[in-house]
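Asks: Got a structure for you, written out below as structure tokens; questions coming shortly.
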Amino acid sequence: MRGIRLFLQFLLIISVVIIGAFFAMENSQIVNVSFILIDGPSLSAGVWMLIFLASGSFLGMLASSVLIISYRRRLSRATKKD
């Protein structure tokens, strides 16, 4: 059962990578992105969108994990008091 789950996760990751590659190839206009203090490299619009999607997803998971850890602490404290 674990092997099937691992295989399905592998297929999901491969399909997301392939869809992302097609997305980046279809949006091939070169874009210059200026951050506050530095200028980013000139990359295609699709690559920039994928970079921002990945970084936003990572930051969202990080923020939610902080909340989950705090809720688990509260739950463990509440169960220890009883």
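A short reminder: the numbers here are calculations on the coordinates, not readings from a lab. From a predicted model like this one, the values you see are computed outputs, not experimental measurements. As a convention, Cβ positions derive from the backbone with ideal geometry for all residues, glycine included, and neighbour counts pool all protein chains shown.
Asks: So which of ILE51, ILE68 is part of a helix (DSSP H, G or I) and more than 23 Å from VAL17 (Cβ to Cβ)?
Replies: From the options ILE51, ILE68, the qualifying one is ILE68.
Asks: Kindly list, by first and then second residue, each pair from a residue in the stretch 43-65 that is surrounded by 12 or more Cβ atoms within 10 Å (Cβ to Cβ) to a residue that is of a type in the set (Phe, Trp, Tyr), limited to pairs with Cβ atoms under 6 Å and residues at least 6 apart or on different chains.
Replies: GLY46/PHE23
Asks: While we're on this one: Just one of ILE4, ILE19 is aliphatic (A, V, I, L, M) and either loosely packed, with under 10 Cβ neighbours inside 10 Å or in contact with a strand residue (DSSP E or B) (Cβ under 9 Å, 6 or more places away or on another chain) (or both); which is it?
Replies: On inspection, the qualifying residue turns out to be ILE4.
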